[in-house]
Amino acid sequence: MAKTSPYIPYELGKYLFSAGMIWGILRYQTGGKAGWVMLMCLLPALFIDFSGKVTQADLVFNVLGPLNVALVVVFFYHQKIHVKHFASLIRLMIYPILGVLSYSIIKSPDFDQVEFALGANVDWSGGFGSNQVSTLFGLGALLMFILMINRWVFSGIFLLDALILFGLSFQGLLTFSRGGMLGAVLGIFIILLYLRTANLKSRIKYQLPKVGKYVIPAILVGVMAYLVVDELTSGMLSLRYTGETAGTLQGTKVKSLNTVTTGRLEIFLGDVDLWLDHFFIGVGAGASGFLRETMHGTVAHVELSRLLAEHGLFGFIYFLILCYLGWKLVAEHPNPMIRGILVAFFAVAIYTTFHAAMRTFVTPALVGLSLLAVQIPKTTPARLPRRNIKNTKVLVPVK
């Protein structure tokens, strides 16, 4: 966003992430064996290039994302962490997002200087890719929601936390890039689903938050942000989220899944065709954009299709292992709230790969957090109603 390359490398986050994971694995000798299998699945495509056009930059852009997901599986899988430290990690993730939010607000033009259209709007994303910025703001909104409903203090002032949540939602919606904000909605829905289906025993034992007191205010903040942005854009936001384009409104285009997904379906199908032609080994890392007949020259926006096209059968195995790890989370943690958060993190991580591939590091970060074994100290359950014990039989040991 600040255009500091080459002084600060464009892919610095990916380099630092890889270095950190490798150091952690060597230092602590962690044992997520599935991650090693995933890593091995990525190696063959590094030595293949059916296009003859792949550069080192293409390899970094296309491989470091899946590579780091494999590394986080090795490093984070079932690592024990106290719930307080888990909350601290969530806070630490929010701080740099607030820096991006501040920068994008400063760079944003006045409303009377912008004519909103039914497409992504870089004017409200700090001049950078609206898809990536929206993804980051959606993640920030989800993390703030988790802190607020669990009473895990961020600023210490509820109204200030609510204002931060409003700011992330407001600016994210203004980008008109739908993927990131819908990801936040998906994560919140999963958490609420686990809270709603928790039985009374679990509610008392784990002191789960009351929906009316903590959850509803946080949801209302997000809804208010949507209504305000929709009003400021004269209803264009609602049209954008229903998949309308200038062409569909004028009648020159037919509304379809491809138009709703902004061409992602066409890219996906083109990658699948490449996979069928190179089923076992793929076309090589970074080569799909050069060989795809549909949307030729466009990088993949769906990580699954890129794994299939570029890594072949090994990419399919990679994705199956990742999905298996996520499936194990569904019933793994006894606390419904923590289980909901971990499943939400994993679901948002996978969902993000279907609209932004792995060009952001939301996926590796959230996959890593979702695989942690969050430890919760024993709590004293709420006092239950006293029973009439006058005629209760008491068992005594036989002498």
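The values are calculated or read from the model by the stated rules, or taken from the named source; none is laboratory data. Note that the structure is a prediction, hence the values are computed from the model and not measured. All Cβ positions, even for glycine, are placed from backbone atoms using ideal geometry, and neighbour counts span all protein chains on display. Surface accessibility is based on the protein's heavy atoms, side chains included, excluding ligands, DNA and RNA. Shrake-Rupley method; radii C 1.70, N 1.55, O 1.52, S 1.80 Å.
Here are the numbers for this structure:
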| read-out | value |
| --- | --- |
| Selection status of L89, out of contact with any Ser or Thr (no Cβ under 9 Å at 6 or more places or on another chain), assigned to a helix (DSSP H, G or I), under 19 Å from G282 (Cα atoms) and open to solvent by less than 70 Å² (accessible area, probe 1.4 Å) | no |
| Among the candidates F61, F116, F111, residue that is open to solvent by 70 Å² or more (accessible area, probe 1.4 Å) and of a type in the set (F, W, Y) | F111 |
| Condition met for I190 (more than 28 Å from L232 (Cα to Cα), in contact (Cβ under 8 Å) with a residue 24 or more places away in the chain and under 17 Å from the mean Cα position of the chain (by Cα)) | yes |
| Any hit, the range 41-55, residues being more than 18 Å from G312 (Cα to Cα), touching a helix residue (DSSP H, G or I) at 6+ places or on another chain (Cβ under 7 Å), of a type outside the set (A, V, I, L, M, F, W, C) and part of a loop (DSSP other than H, G, I, E, B) | yes |
| Subset of the range 119-137 that is part of a helix (DSSP H, G or I) and in contact (Cβ under 8 Å) with a residue 60 or more places away in the chain - its residue that is surrounded by the fewest Cβ atoms within 10 Å (Cβ to Cβ) | Q132 |
| Residues of the range 20-40 classified as over 22 Å from Y318 (Cβ atoms), of a type outside the set (D, E, K, R) and at pLDDT 90 or above, total | 2 |
| Enumeration of residues in the range 241-255 that are within 23 Å of L173 (Cβ to Cβ) and not polar (S, T, N, Q) | Y241, G243, E244, A246, G247, L249, K255 |
| Any helices (runs of 4 or more DSSP H) falling wholly within the range 287-361 and containing at least 1 residues that are of a type in the set (K, R) | 303-329, 336-352 |
| Residue list for the range 176-223, restricted to those being surrounded by 14 or more Cβ atoms within 10 Å (Cβ to Cβ) and more than 18 Å from I146 (Cα to Cα) | F176, S177, R178, G179, S202, I204, K205 |
| Test: residue in the range 206-213 that is part of a helix (DSSP H, G or I) and of a type in the set (F, W, Y) | no |
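Quick grid of which residues meet (1) assigned to a helix (DSSP H, G or I); (2) surrounded by 19 or more Cβ atoms within 10 Å (Cβ to Cβ); (3) not polar (S, T, N, Q):
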{"site": "N68", "(1), (2), (3)": "yes, yes, no"}
{"site": "H78", "(1), (2), (3)": "no, no, yes"}
{"site": "I81", "(1), (2), (3)": "no, no, yes"}
{"site": "I105", "(1), (2), (3)": "yes, no, yes"}
